[in-house]
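Working notes, beginning with the structure itself.
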Amino acid sequence: MTAFFDGLTLVMQADVLVTILISAAFGLFVGMVPGLSATMAVALLVPVAFTLSPVAALATIITCSAMAMFAGDIPAAFLRIPGTPASAAYTYDMNDLVRSGRLGDALGMSLLCSATGGILGAVILMFGAPLLADFAINFSSYEYFWLALLGLSCATLVAGDDALKGWLSLTIGLFLSVIGLDFVTGIQRYTFGVTNLQAGIGFISVMIGAFALSELFRKATGFGEKQAEARLGISGAPLPRMRTLWDQRNHIARGGVIGTLIGALPGAGADIAAWVAYAVSKRFAKEPERFGRGSVEAVAGAATANNAALSGSYVPTLVFGIPGDSITAIVVGVLILKGIQPGPLVFVNSADMVNAIYIVFLLANILLVPLGIAAIYLGRTVISIRDAILYPVILLLCLYGAYAVSNNTFELWIVLATGILVWIMQENNYPAAPLILGLVLGQVVEQNFMSSLIKADGNIINFFNRPIAGVLGVLTLVVWFYPLMAGTIRRVRGTAGPTDQT
Amino acid sequence: MRLPDFWTGLGFAAVGIAIAVYAQGFHVPAGAASPRLLPTIIGSFMALFGGLIALRGWREAGNVALPGWLSSPRQVTLVVFLPVAVIAYGLLAPRLGSSLVTMVILTLHGILYGLRPLYAIVLGVCAGIAVSFLFIHVLGIPLPAGWIEELLS
C-alpha cells in the first residue's frame, strides 16, 4: 500500500499532470488523422519524453497511446476510414450508426467502452503482473534468453500476410542491434570507423524513420489521389443512453478480458484484439446479422478490446522486459534509457514506478471520457486539415525529434536511412514491425545468450538443464519449427493422398 | 518503388552474405563468447530468407513495372524533397540556426503540397518559430542556434 501511495505522489506532480494533458491532446489529434497510427504518435513523442522525468515520460506514452486508440474511431465514424488499424474491425458499424443519426451509439459507445476496457485492463495488470513477477523472480539468463527468442518468434504474428518477409525484416532489426561495441569483448562491429556508431543504432531514430519519415514518403507518392470527404454532420447526443450501455455489459466485459489476454501475448496487439473481440461478440450477439451494418454490439465488444489490449501489453513488458507490441517496444527502450531495467525485479526495486504506471493508466482512461467528448465535436475540423499543413509540420517534428535524441546531427542520417529503407520495404510488402522487434529484442537475446554461454562454458545442454528453461526452450523450438514441420507433414500427406486413391 | 520479389530477395540475400562474411574478420578473444557468432547467424538467416524470397519469385523476375508516381513531376519532387530537406537541415542548421532552416523547409514543403506561397510562408514562420521555441525553451533541447534563436532567448 505504501508503494501505491508513493506511486500516487509521483503521478500527482504538476509536470506529470501537465504532460498527461498535453500528450492526451496530441494523441487525440494524431489518432484522428487517417493514416497516422498510435505508434507514430508515440514515436514522435519519444524524443520529447526523453527529456522528462521517468514517470512523466511513461505517462506521456501511456496517455498518448490510449487517446490515439479511441481517436482512431472518429474518422472511422465520419469518413468510413479507420484512423488507426485497431479501429478497422468496426469501421462500417460506426459509420452506419452515425449515418442513421445515432452518434451516441457509435462514438459515445466507443468512447465509454474504450475507457472501460482501459480501466479493466489496468486492473488486471495491477493484480496479474505482480503474481507473474513473483514466479519470474528466479529466472536466470537461460530463461530470459528463451523468452526473448520466443518474443522474436512473434515476428510472424506482426508480419502481416507474408511470414517469410516478416522473418527477413526481423533479421534486419537484429542486424541493426549488433552494430556498435560488442558488450562482452568491446570489439567494434560494423562501425566502419564511424565514432557515432560505437554506441549502436538508437532505437528512437529508427522509430522516427520507420514510422514517421517512411509515412511521409508514402504520402508523397500518393499525392493527388482522391481523398474521402467529411460528408456527415454531428447530430444526436454524444453519449449513449444508460439503458443501451447496460444492454452491452456482457460484450464490454468479454471484450475487456479478451483484449487484455491478447494484449499480453507478445506480438499480438490491439489490432488483433479488436478483430478477435469482434468475432466473439458476433458469436454471442442478439442480432449477429447487423454486424458490419451498424451494430452497437460490435462497437461495444471491439472498442473495449483494443484499449484493454494496450494495458495487457504491459504485462510481458514489465514482468519479462519483452515488449508486447511496437508501442511497448518503445516503453522498454525509454525505461532502459531512464536507467530502469524492466523485469521481475522492477516490482521490488521500482515498486513506486510500477504503481505510478497503474495510476497513469487509470487516470488516462478516466480523462478519456471528457476529452473524448470534446474530440468528437472537434473531430470534423481536425480530419479536414489539409495535407499541405499537416505533413510539413510532421517533417519538422521528425527533424527536431531526431536531433533531440543525442543533440547530434548524426541521428538525422539514421532517420533518413531508416525512413528510405522502410519505405522501400513497405512498398514491396516487407512489414516494418518485425524490424523494430528485432532491434529491441536483439540486444536482450545476445546479452542473455552470451551470459548463458559463458556460464555454461559453451555446453548447449545447460540451456535446457533448469526446469523452466527446459520447458521454455522446447516451447520456443516448437514455435519456431512448427510451421516447417506442419508444411512437411502436409506435403507428405498431399503426395500420399492421390496414391491411396489410385 | 515496387520491385519483383526476386530482386528484393536477391538484394537482401547479398546483404546477408556480406554481413556474415564481414563478421569473420572480427577478432575472437579466448573463451566461449565470440563477437562474430550472432552476426554470422543473423547474416546467414538473412541470406537464407532472401534466397527463399528470390526463389519463390523467380518466375516474375522480368516483370519490372515503374511505379505510377514516377510519371508525375509533383510527386517526384515531393519524394526527392524529403531527403534533401533532412540533409539540408543536418548541414545548414549548425551554421544558420534551426528556425531559419526549418522555416524555409516548411514553406517549400507547403508550396509543393499545393499551399499558396503567402499561406506557406505564414505556415513556415509560425510553425517554425513556435516548434523551435517549444523544443528550446520548454523542453530544454539545445537545437542548433542562429540569429533568430538569439532574438528569442
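Rule-based calculations on the coordinates, nothing more; no lab input. Remember, it's a predicted structure, so these values are computed and weren't measured experimentally. Please note: Cβ atoms are built from the backbone with ideal geometry, for glycine as well, and neighbour counts cover all protein chains shown.
Data overview
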{"quantity": "Angle in degrees between helix A:14-32 and the longest Cα principal axis of chain A, rounded to the nearest 10", "calculated": "70"}
{"quantity": "Sparsely packed trypsin sites (Lys or Arg not before Pro) within region A:299-395, loop by DSSP, other Cβ within 10 Å at most 15", "calculated": "A:386"}
{"quantity": "Residues residue B:64 and residue A:386, FRET efficiency given R0 of 30 Å [Cβ-Cβ distance, rounded to 0.05]", "calculated": "0.30"}
{"quantity": "Span from the region A:100-119 Cα centroid across to the region A:324-391 one, whole angstrom", "calculated": "20"}
{"quantity": "Sorted by Cβ neighbour density within 10 Å, fewest at the top, the residues A:167, B:147", "calculated": "B:147, A:167"}
{"quantity": "Separation of alpha-carbon centers, region B:105-129 and region A:298-319, rounded to whole Å", "calculated": "40"}
{"quantity": "Ordering of B:50-62, A:353-365 by burial proxy (mean other Cβ atoms within 10 Å per residue, highest first)", "calculated": "A:353-365, B:50-62"}
{"quantity": "18 Å Cα-Cα reach of residue A:338 towards aspartates and glutamates, excluding residues that sit fewer than 8 places from it in its own chain", "calculated": "A:15, A:352"}
{"quantity": "Gyration tensor (alpha-carbon) shape descriptor, region B:56-149, a/c threshold 1.5", "calculated": "prolate"}
{"quantity": "Estimated 222 nm signal from helices in the protein assembly as shown, with DSSP H stretches of n ≥ 4 weighted -39500 (n - 2.57), rounded to 500", "calculated": "-23000 deg cm²/dmol"}
{"quantity": "Cα centroid separation - region A:161-216 against region A:406-443, whole Å", "calculated": "7"}
{"quantity": "Sequence ranges B:135-142, B:118-125, A:400-407, ranked by mean other-Cβ count within 10 angstrom, highest first", "calculated": "A:400-407, B:118-125, B:135-142"}
{"quantity": "Charge-dipole axis of the protein assembly as shown as Lys and Arg at +1 and Asp and Glu at -1 on Cβ define it, positive-most pick from B:124, B:68, A:46", "calculated": "B:68"}
{"quantity": "Principal-axis tilt of helix A:109-136 within chain A, Cα atoms, nearest 10 degrees", "calculated": "20"}
{"quantity": "Cα gyration tensor shape for region B:1-79, rounded if a/c is under 1.5, else prolate or oblate", "calculated": "oblate"}
{"quantity": "Pair residue A:490, residue A:336: separation of 7 Å Cα→Cβ label points (nm)", "calculated": "3.5"}
{"quantity": "Local electrostatic count at residue A:121 - Lys and Arg +1, Asp and Glu -1, tallied over other residues with Cβ under 14 Å", "calculated": "0"}
{"quantity": "Exposure proxy order (Cβ contacts within 10 Å, fewest to most) of A:325, A:457, A:352", "calculated": "A:457, A:352, A:325"}
{"quantity": "At least 30 Å along the helix axis (C-alpha) and Kyte average at least 0.0, DSSP helices within chain B", "calculated": "B:73-96"}
{"quantity": "Restricting region A:36-111 to trypsin sites (Lys or Arg not before Pro) in coil, as DSSP defines it, with at most 16 other Cβ within 10 Å", "calculated": "none"}
{"quantity": "Shielding by partners - mean other protein chain Cβ count within 10 Å, residues of A:169-178", "calculated": "6"}
{"quantity": "Neighbouring partner chain Cβ atoms per residue of A:401-409, average, 10 Å criterion", "calculated": "4"}
{"quantity": "Least to most buried among A:243, A:283 (fewest other Cβ within 10 Å first)", "calculated": "A:243, A:283"}
{"quantity": "Neighbourhood net charge (14 Å Cβ-Cβ; Lys/Arg +1, Asp/Glu -1) for residue A:313", "calculated": "-2"}
{"quantity": "Longest DSSP-loop-exposure-free segment, GluC sites (Glu not before Pro), chain A, at most 11 other Cβ within 10 Å", "calculated": "A:230-502"}
{"quantity": "Sorted peptide list for A:463-473, B:10-20, criterion being average Cβ within 10 angstrom, highest first", "calculated": "B:10-20, A:463-473"}
{"quantity": "Global form of the protein assembly as shown, assessed from the alpha-carbon gyration tensor, a/c cut-off 1.5", "calculated": "rounded"}
{"quantity": "Degrees, to the nearest 10: A:141-153 long Cα axis against longest axis of chain A", "calculated": "50"}
{"quantity": "Peptide A:449-455, shielding by other chains (average Cβ, 10 Å cutoff)", "calculated": "3"}
